[in-house]
Amino acid sequence: MSSLSCEDFFYLLGVIHVNVKEKINTLEKKLKAALASVENQAQLQEIKAEFLGKKAEISQFMKHMKDLPDEERPAFGQMVNEAKKRFSDLIEAQREAIKKAELDALLRKETVDVTLDAPDYTLGSTHILNQIIEEIEDLFIGMGYLIKEGPEIETDELNFEKLNLPKDHPARDMQDSLYIGNETLLRTHTSPVQVRTMLAYGGEKPVKIICPGKVYRRDDDDATHSHQFTQIEGLVVDKDTTMSDMKGTLLAVARHLFGPDREIRFRPDYFPFTEPSVEVDVTCANCDGKGCNICKQTGYIEILGAGMVNDKVLKMSGYDPKIYQGFAFGIGVERLAMLKYGIEDIRHFYTNDLRFNKQFKR
Amino acid sequence: MKVSLNWLSDYIDLSDITPEQLKHRFTIQSQEVEALYPLTTAKNLVVGHVVTLEAHPDADKLKICSVDVGRETLQIICGAPNVAADQRVVVALPGAVLPGGFKIENTKIRGVESSGMICSLKELGIDEKYHAETGIHVLPETAKVGEDAITVLGFDDIILDVDTKPDRPELLSMAGFAYDIAALFDLGINIDAADYQGDDIENPFKIKTETEACPSYYGAYMENITIKPSPLWLKARLIAAGIRPINNVVDITNYVMLETGQPLHAFDYDKLGSNEIVVRLAEAGERFITLDEKKRTLNKDDILITNGESPVALGGVMGGLDSEVTTDTKRILLESATFKPRNIRRTSQRLDLKSESSTRFEKGLNTEGTLNALKRACELLIKYAGAKVSKDIASFDHHKHEKRTIELSLSKLNGVLGSALDLAETKDILRRLRFPYTVDKEIFTDEAPARRPDLITYQDLIEEIGRIYDYNNLPDTLPKTVSRGGLTPYQLFKRQIRHALNGLGLNETITYSLIDKQHVHDLSRIKDIDPVTLANPLSEIHSTLIVTPLNGLIEVAAYNVNRRMDHVHVYELSKRYTVDKETELLGMLMKGPYHNHYWQENAPTNFFTIKGIIEALRERFMLPKFSYENVTLDNYHPHQTAVIKIDGTILGHVGKLHPTYAADHDLEDVFIAELDLEAFYAYAAKDNTYETVLRFPSVSRDIALVLDENITAGTILESIHEYSTTILKDAHVFDVYQGEHIETGKKSLAIRLRFEDKTGTLKTKTIDEMVKNILEALKKEHDAVLR
C-alpha cells in the first residue's frame, strides 16, 4: 500500500468501478438470455443460484468494498445491490410467467366443447287441465271466492233432484248418466257441491264459491266427447246478487282467459237449475270477432252456461228465495283448453302422450 | 225445429227483415239458430212441356225430347225411364247450376245436341227421405210453361233451423215462432182461428177415458175422403220442416201439428171396428204393433187408445198399424188430445221411440189449443180431401182451463236483472210479447197466455222480459258481497305437491277413473276393498272405479315407451274410490334414466331413485322420518318393494314392478309408488320452525361394521339413534360392501356419524364415549363388529 502513489490509487479506484459496472451489465445480459429459454421452475431455481447465489459472481463484487475509500463505499454498494434487486425481479417475473403458462396449459387441457348437450334437468309440468283450473281458481280467489270440492260418487238427490231435475224431467235426457245403484251415480256435473255447500251453510250466510272437479256422462269417447271430463262451476248467493253481477264476473273470466280485448254476449238458454239461463259466447280471439273457421264464421265462441239460480233450487238447499237470490255458471275445462290452444281431440287430455303433456308449462 | 220463412210470412210481415238479421236476433234473444239455408240452391229452372219424344239413335235408354219452355223449344236428351210426352217437367236451362255445383251447358250426348236437363227432385237438392221418386219429377198439368219451376214447386224458401230447448214448447209450432219473432221485431201478427162449416152427418163416436194420463180428447168424424197427393205448396212446407209428404190426410195432420204444435192422429174409421174410443193405460206385458210395423211390449206407463176392446194407437206416441190411413181410406176419425208429459216421456224413452208427436207431448202443450187444431185440420181436409165433416165433435176435457197469473214488481225485476227498467219500458216489452197484464203502482199482474204453458213463476216472466230487453244491455258489475277468498291449507298443499313434483322433473297426468274390473286390484296394496262397479257401463273397460292411480300410470308408461319415449317420470293425483269414501292418493312412476345425460354417463334409475323422490317430498313438507319395510305385493318385485310407515301408520308403498307384469305391458324396470295424500298431509308440518344456526361445524366419525347380510341398514341406523343422545345429528351409510375379505353371509357397512352440540364445542372425549357405547350396543344387539 505504501508503494502506491496517490495517482495510482485513483487510477485503481476508477478501474474497479468501471470493471464492476461492466461486469454487471454483462451478467445482466447473460441472465436475460438464460431466462429467455427457461421452461420450468427447476431450471429457474438453477439460474437463480447461478446469478444470485452465494457463489454467484455478483456476490463476489462486494469483496472489493474493502478496497474502496469510505466515501466511495455507499455508492458502490448501492450499485451492486440495485443490480441484485434487478436480477431478482427479472427472475421473479419469469417465475410468474412460468406459473401462468403452466396454469394455462393445465386449463387448456380442460377445454370443453360448449356446444355439447347439457343433461336434461327439465322440470315437469302440471297437467293442462289442472293448469287451467289453477288459473281460474286464482282469478276467483282474487274476487273473494272459496274453492269447494266434493265426492264424485253422488246421490241422485244431490246430483239431480235438489237441482230441480226430478225423475222424468226432460232435461235428464241431456245428461245420460253412469249409475252405480238406483240412487247413486257418478256425478254428471259439479253442481251437487254447490248444493252441499248451501246445505252446510244452513241458508244463513252468503255463498261465493267455485267447484272444480271430475264429472262423468254416459257418452262414447270420440274427438269431441269424453265419458270423463272436467268442470268448474261457480255459485254466488246473497240478498242482492244480480244478473248484471253475473255478466261482469263472466266478462272478467273471459278476459282473463282469452285476453283483455274480448267481449262477451249472452244468449237465452235453458238449464233446470237456473232461470233466466244463458249461454255465454266470447268474441273469437283468432279473428277478433270478424268471423273465421274457428268460430264457424260467427265471430263468437260458446264458452260456458250460466243463469240466475232457480228459486226451487235455493229452497231445496235451505235458502229462502224471498230473501236470497244468486247466479251460477258452469265451465267445461277441456272445451276451454281446446279453444284456447286449438287442441283438436278431447282424448289427448286423457292419453297423456308426453309429447302432448310437456307442451303446457305455464 | 226447421222453420220455413215462406210459411212464417203467412203470419208476420218479414219484408223489412233479412234472414241474417232474423237469425242473429233470434239467436241473441230467443233460441240458438243452428243453421240458415235455402231449401234448394238450384237456379234458372223453368216449367217445360214435353212436346214430342223419340228414341236416341245410339242409346237404348236415352230419349230425345222436344221441350217447350215458353220462349223457345229445346232439344233435351233424357235418360229417365218415366219421361213421357205431354208431361209438365222441371227444366234446368243451359247456364243453370244445380246443387253440388253441377253446371248445365249445351252439350252433345252420343252425338245428339242437348240444351238443358229435365230434373228429378234429388237433382234439385231435395233429400230422398222426403220423396219416393226415382225418375224425373212430373209437375201437375196446371203448371204454367215457362214459369220459374222452383217457385211453382214452392221450393223458393229459406229455412231457419232452431234448437228448441225444453222450456220453450211453443217453439215446436210455427205459430209460436210467429209470436216470438213478432215480439223481437215489434211486428203485427195475423193468425186466424179455424173456420169451417160442418155437414149434417152424425158423429157416431162415444169417447171416454179411464186414466188421468189423458185429460182431454176431441174426435171429429168425416167421410167422403179422397186420398191423393197434397198440393205442391203443402208438400213443400212439409219438406221444408223435414217431414216427408205421404198423402193429403196424413200431410194435413202433420201440417196442422207444425202450425199449432198440437199433434193429431187420423184413424181409418172402417178399420177401427167400433164406434167407441176408450183411453186407458196398458197392462203390463200387453202387446201392440205400431205404424212402423214393430211389435211393442207395453207396461203401465203407456197410454193406449182403444176401440173399447183392443188398442188402436199408442196414445201421444204413435198410431197402430191396423187402423192406419191408406189409399183406400174413405172415412176417418181425427183425434186431437192431450196426454201427461210424464207418461209420454217414459214410453218414448223405454221403447226408444221418438216421434214428432211424442217430442211435443213430453214437453207439455197448450191445453187450450186442442179443439182449435182439430177444427183447423177439418177446414183443410174439407178443402183438400173433399171431406164431409160432422158438425158434432165427440170429446171429453178434464182440464181446469184456469187463468194463470204471475205477479212481478218492477223492483224485483230490476233487483234480479240488475237493470234500471222503468214502468213504461216494461209495459212496452209486455205489449210486444202480447202478455195481457194489469199494473198497480209498480206491481204487474201478468196473465200468462195459453200458448205459453211454460210461464208459471215470476222467474219465467223475468226471463221473458230480460231477453226481449236483451241481456246484453245489462251493465257489467261484480257481486257486492264482500268475502275472504282463498284455498284451504289442504288445497294449497295439493298445489305445492304438484309444484314440488314438477320441480323434481315429474309430469302430471290425468287418466280415466273408470277401468276394467278385472284389473282393478292389479297394483293395489289394500286387497279387501270392494271396487265400485257401474250398473250401466258403456263398456267393460270403463266399468269399475279405480282403487289406485297406478293402473293409469302403467298405461301411460306403456303408451309412451311404445312410442320410443323411454324417459317416463309421471305422477297423478287421483283417488281410491269406495262406495262410502273417496281417498285422495298420489301415484308416481319412474322409468328410464332420471336425467338423461346424453354423452355423459347416466346414473341408473332404481328403487332408490323413486325413494329419493318420496324423501324429497318428506323433507319438503317437513314430515318426521319414514320407515321402509319390505313387503310382498302381487305384481311387485318380491325383494324391491316396501311399505312406507310413520308411527306405525301406513302412508303408502314403493317398489319395482314385477318383471313378468312389466313384460305383459311391454315394459321393464319400472318403479312405482303410491302415497295416501291425506295421511301424508296429517304428518306434514303446518309451519316453519326455527333453530339457531350453530357457530361451530359438526364433527364426524366414520365406523365400518361387519354384520349378518340380512340385517337392514335401517335396523342398524335405528339402533344407532336409540343408543345416542341428541348430540348425534345424523347417521348415513356411505358404503355397502360384500366380497373379498368379508366372510360369506356377512356384509360391511360404512357409516358416517355426525355430532353437534348446541351448548358448545364438543369434547373429543364425549364423542369417543358415545361411539364406544354405540359400538357396544351394535355388537350386543346385532352381532355387528368393527371391521
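Read through the list (1) on the phi < 0 side of the Ramachandran plot; (2) within 11 Å of chain A (Cβ to nearest Cβ); (3) open to solvent by less than 40 Å² (accessible area, probe 1.4 Å); (4) not acidic (Asp, Glu), then give the number of the only condition that residue B:551 fails.
For residue B:551, the exception is condition (2).
Can you pull out the residues in the range A:306-342 that are assigned to a loop (DSSP other than H, G, I, E, B), surrounded by fewer than 20 Cβ atoms within 10 Å (Cβ to Cβ) and not basic (Lys, Arg)?
A:318, A:320, A:321, A:323, A:342
Kindly list the number of the only condition in (1) aliphatic (A, V, I, L, M); (2) out of contact with any helix residue (DSSP H, G or I) (no Cβ under 6 Å at 6 or more places or on another chain); (3) modelled with pLDDT under 95 that fails for residue A:252.
(3)
Out of all the residues in the range B:15-35, which are within 25 Å of residue B:466 (Cβ to Cβ), surrounded by fewer than 21 Cβ atoms within 10 Å (Cβ to Cβ) and more than 14 Å from chain A (Cβ to nearest Cβ)?
Within the range B:15-35, B:17, B:21 meet the criteria.
Can you name every residue in the range A:205-232 that is within 25 Å of residue A:143 (Cβ to Cβ) and without any contact (Cβ under 8 Å) to a residue 12 or more places away in the chain?
Selection gives A:205 alone.
Based on what the data block shows, is residue B:539 more than 8 Å from every other protein chain (Cβ to nearest Cβ), at pLDDT below 95 and closer than 18 Å to residue A:228 by Cα?
yes
Residues are listed down the side, and each one gets a yes or a no for (1) open to solvent by 30 Å² or more (accessible area, probe 1.4 Å); (2) among the hydroxyl-bearing types (Ser, Thr, Tyr); (3) over 27 Å from the mean Cα position of the chain (by Cα); (4) away from chain A (no Cβ under 14 Å):
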position: B:306; (1), (2), (3), (4): no, yes, yes, yes
position: B:310; (1), (2), (3), (4): yes, yes, yes, yes
position: B:313; (1), (2), (3), (4): no, no, yes, yes
position: B:333; (1), (2), (3), (4): no, no, yes, yes
position: B:344; (1), (2), (3), (4): no, no, no, no
position: B:347; (1), (2), (3), (4): no, yes, no, no
position: B:355; (1), (2), (3), (4): no, yes, no, yes
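Here is a yes/no grid of residues against (1) within 31 Å of the chain's Cα centre (by Cα); (2) within 11 Å of chain A (Cβ to nearest Cβ); (3) not acidic (Asp, Glu):
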position	(1), (2), (3)
B:519	yes, no, yes
B:526	no, no, yes
B:547	yes, no, yes
B:557	yes, yes, yes
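Considering the range B:88-111 alone, what residues qualify as being free of Cβ contacts under 8 Å to residues at least 60 places away in the same chain, open to solvent by less than 30 Å² (accessible area, probe 1.4 Å) and either outside any loop (DSSP other than H, G, I, E, B) or polar (S, T, N, Q) (or both)?
Within the range B:88-111, B:89, B:91, B:92, B:98 qualify.
Does residue B:211 count as open to solvent by less than 30 Å² (accessible area, probe 1.4 Å), out of contact with any Asp or Glu (no Cβ under 6 Å at 6 or more places or on another chain) and not in a strand (DSSP E or B)?
Judged against the criteria, residue B:211 is a match.
Restricting to the range A:343-360, name every residue that is outside any helix (DSSP H, G or I) and within 9 Å of another protein chain (Cβ to nearest Cβ).
Answer for the range A:343-360, where residues must be outside any helix (DSSP H, G or I) and within 9 Å of another protein chain (Cβ to nearest Cβ): A:352, A:353, A:358.
Yes or no: residue A:285 open to solvent by less than 20 Å² (accessible area, probe 1.4 Å) and hydrophobic (A, V, I, L, M, F, W, C)?
It is false that residue A:285 is open to solvent by less than 20 Å² (accessible area, probe 1.4 Å) and hydrophobic (A, V, I, L, M, F, W, C).
Which ones in the range B:593-606 are away from chain A (no Cβ under 11 Å) and surrounded by fewer than 19 Cβ atoms within 10 Å (Cβ to Cβ)?
Answer for the range B:593-606, where residues must be away from chain A (no Cβ under 11 Å) and surrounded by fewer than 19 Cβ atoms within 10 Å (Cβ to Cβ): B:604, B:606.
Taking the range B:574-588 as the search range and keeping residues that are in contact with a Pro (Cβ under 9 Å, 6 or more places away or on another chain) and more than 8 Å from chain A (Cβ to nearest Cβ), which one is most open to solvent (accessible area, probe 1.4 Å)?
B:581
From B:566, B:530, grab the single residue that is of a type in the set (D, E, K, R), more than 11 Å from chain A (Cβ to nearest Cβ) and assigned to a loop (DSSP other than H, G, I, E, B).
Being of a type in the set (D, E, K, R), more than 11 Å from chain A (Cβ to nearest Cβ) and assigned to a loop (DSSP other than H, G, I, E, B) holds for just one of B:566, B:530, which is B:530.
Give me a count of the residues in the range B:454-512 that are over 30 Å from residue A:308 (Cβ atoms), in contact (Cβ under 8 Å) with a residue 24 or more places away in the chain, of a type in the set (S, T, N, Q) and at the interface with chain A (Cβ under 8 Å from one of its Cβ atoms).
Number satisfying all stated conditions: 3.
Which condition number does residue A:256 fail, the rest of (1) more than 19 Å from residue A:341 (Cα to Cα); (2) surrounded by fewer than 17 Cβ atoms within 10 Å (Cβ to Cβ) being met?
Condition not satisfied by residue A:256: (1).
Give me the pairs: first residue in the range B:157-171 and at the interface with another protein chain (Cβ under 10 Å from one of its Cβ atoms) and more than 11 Å from residue B:1 (Cβ to Cβ), second residue open to solvent by less than 10 Å² (accessible area, probe 1.4 Å) and at pLDDT below 95, beta-carbon distance under 6 Å, and six or more apart or on different chains, which are they?
Here the result reads B:166/A:171, each pair linking the range B:157-171 to a residue that is open to solvent by less than 10 Å² (accessible area, probe 1.4 Å) and at pLDDT below 95.
Residue A:346 fails exactly one of the following numbered conditions: (1) in contact with a strand residue (DSSP E or B) (Cβ under 6 Å, 6 or more places away or on another chain); (2) at pLDDT 95 or above; (3) among the β-branched types (Val, Ile, Thr). What is the number of that condition?
(1)
With respect to the numbered conditions (1) within 22 Å of residue A:298 (Cβ to Cβ); (2) in contact with a Pro (Cβ under 7 Å, 6 or more places away or on another chain); (3) more than 7 Å from chain B (Cβ to nearest Cβ), which one is the sole condition not fulfilled by residue A:270?
(3)
Quick test for you: out of B:114, B:120, pick the one residue that is out of contact with any helix residue (DSSP H, G or I) (no Cβ under 8 Å at 6 or more places or on another chain), of a type in the set (Gly, Ala, Ser) and in a strand (DSSP E or B).
Matching residue, one of B:114, B:120: B:114.
Return the residues of the range B:291-303 that are free of Cβ contacts under 8 Å to residues at least 60 places away in the same chain and crowded, with 24+ Cβ neighbours inside 10 Å; say none if nothing qualifies.
Once the filter is applied, which keeps residues that are free of Cβ contacts under 8 Å to residues at least 60 places away in the same chain and crowded, with 24+ Cβ neighbours inside 10 Å, the range B:291-303 yields only B:302.
Are there any strands (runs of 3 or more DSSP E) wholly within the range A:115-226 with 1 or more residues that are facing another protein chain (nearest Cβ under 9 Å) and open to solvent by less than 10 Å² (accessible area, probe 1.4 Å), and if so which?
A:184-186, A:207-216
Can you give me the ranges of the helices (runs of 4 or more DSSP H) entirely in the range B:651-751 with at least 1 residues that are closer than 30 Å to residue B:496 by Cα and of a type outside the set (Lys, Arg)?
B:677-683, B:713-722
For the range A:227-242, give me each residue that is at the interface with chain B (Cβ under 7 Å from one of its Cβ atoms) and surrounded by fewer than 24 Cβ atoms within 10 Å (Cβ to Cβ).
Answer for the range A:227-242, where residues must be at the interface with chain B (Cβ under 7 Å from one of its Cβ atoms) and surrounded by fewer than 24 Cβ atoms within 10 Å (Cβ to Cβ): A:227, A:228, A:238, A:240.
Among B:408, B:380, which is touching a helix residue (DSSP H, G or I) at 6+ places or on another chain (Cβ under 7 Å), open to solvent by less than 20 Å² (accessible area, probe 1.4 Å) and within 14 Å of chain A (Cβ to nearest Cβ)?
Selected residue: B:408, the only one of B:408, B:380 that is touching a helix residue (DSSP H, G or I) at 6+ places or on another chain (Cβ under 7 Å), open to solvent by less than 20 Å² (accessible area, probe 1.4 Å) and within 14 Å of chain A (Cβ to nearest Cβ).
The values are calculated or read from the model by the stated rules, or taken from the named source; none is laboratory data. Keep in mind the model is a prediction, meaning the values are calculated, not measured. Please note: Cβ atoms are built from the backbone with ideal geometry, for glycine as well, and neighbour counts cover all protein chains shown. For accessibility, only protein heavy atoms count, side chains too; no ligands or nucleic acids. Shrake-Rupley method; radii C 1.70, N 1.55, O 1.52, S 1.80 Å.
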